[in-house]
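First the structure, in the form of structure tokens, and then the observations on it.
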Amino acid sequence: MNEINVPRPNNLDAFWMPYSDNKYFKDRPRMLARAEGMHYYTPEGREILDGTSGLWCCNAGHGRREIVEAIQKQAAIMDFAPAFQLGHPIAFEAAARVADMTPEGLDRVFFTNSGSEAADTALKIALAYHKARGESSRVRLIGRERGYHGVGFGGMSVGGIGPNRKQFGALLPYVDHLPHTHLPAKNSYCRGEPPHGAELADVLENLVALHGAETIAAVMVEPVAGSTGVLVPPVGYLKRLRDICTKHGILLIYDEVITGFGRLGANFGAERLGVVPDIMTMAKGLTNAAVPMGAVRTGLRCSAGAWR
Ligand SMILES: Cc1ncc(COP(=O)(O)O)c(C=O)c1O
């Protein structure tokens, strides 16, 4: 074990860690010093297998020279370019390259700084899209129990993890949730897409009956949910959700922040699971997590002003 000289912070209280037991951590700090390939290394030089790929984000492994060099090169040429009324050719090239990876029809990209911001942006695009088409009554957003869509107000509101939500008051109005698809009593020991649960998508029809389709803007789900266990969708579930959305003019949004960039064995979950949404969010693997960045892809057309 080679020790790595990383100075121990002398004020651990200065940094409040997200989703962490701060008291426990600060009593027994567990620090990482560096990473390479599929391993992290502690300051004492202990090698740790990175079984979650960072946090489902270092898809290409840690410390890739190509990525390090690209970041160094660009920072030296131009460290920042404003995006309002000014452009930089590489942003357009990056958008075109992401378009090549996403299903046909999702041909426009809006870049963001994180998966959370991408989730909120996708919800805003859905609202703005309906308004631009004269359907301004479509303001209701539907998420799913056990869903995670980051830490912005939109993502938290459609997200369905109770402990993440309950400290923050009422969150957004006009939000409802579909049931989750975790059915261990019926689906234990199955491989791949579980056989039971497609009918849970039909609860969207109940919400349409309750609220009226003309009030519902979008449904947002992770194609494979990943924050309360890895929940693969039941056979036929996404297709049913897609069909009900199409029937009622509701936009289907996939949060592909952790399912993108090869993580399911295809570029995105939409491709792997064979059901294409109207809007797709991504982040993490987009830059191998080396630069904080997210994106929203959609084929919808809307006036540029309305999307800001
Ligand atoms: C499905 C999903 N959506 C959104 C996010 C938020 O992404 P970020 O941490 O980049 O804000 C995450 C993060 O883990 C996620 O798993």
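What the table below lists for this structure:
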quantity: Matching residues in region 244-267 - criterion: being closer than 24 Å to residue 135 by Cα, away from the ligand (no atom under 16 Å from the Cβ) and touching a Leu at 6+ places or on another chain (Cβ under 9 Å); calculated: 244, 245, 246, 248, 250, 251
quantity: Residue under evaluation residue 116, criteria (1) in a helix (DSSP H, G or I); (2) touching a strand residue (DSSP E or B) at 6+ places or on another chain (Cβ under 7 Å), criterion not met; calculated: (2)
quantity: Members of region 192-250 that are charged (D, E, K, R) and in a helix (DSSP H, G or I); calculated: 199, 202, 205, 214, 239, 240, 242, 243, 247
quantity: Region 172-193, subset surrounded by 15 or more Cβ atoms within 10 Å (Cβ to Cβ) and out of contact with any strand residue (DSSP E or B) (no Cβ under 9 Å at 6 or more places or on another chain), residue nearest to residue 156 (Cα to Cα); calculated: 183
quantity: Flag if residue 36 is away from the ligand (no atom under 16 Å from the Cβ) and in a helix (DSSP H, G or I); calculated: no
quantity: Residue 164 vs. criteria within 13 Å of the ligand (Cβ to nearest atom), surrounded by fewer than 22 Cβ atoms within 10 Å (Cβ to Cβ), in the same structural domain as residue 245 (by TED's automatic domain parsing) and at pLDDT below 95; calculated: yes
quantity: Any hit, region 224-243, residues being within 13 Å of the ligand (Cβ to nearest atom) and either hydroxyl-bearing (Ser, Thr, Tyr) or closer than 16 Å to residue 129 by Cα (or both); calculated: yes
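The values are calculated or read from the model by the stated rules, or taken from the named source; none is laboratory data. For clarity, every value in this text was computed on a predicted model and none was experimentally measured. Here the Cβ is made from the backbone with ideal geometry for all residues, glycine too, and neighbour counts use every protein chain on show.
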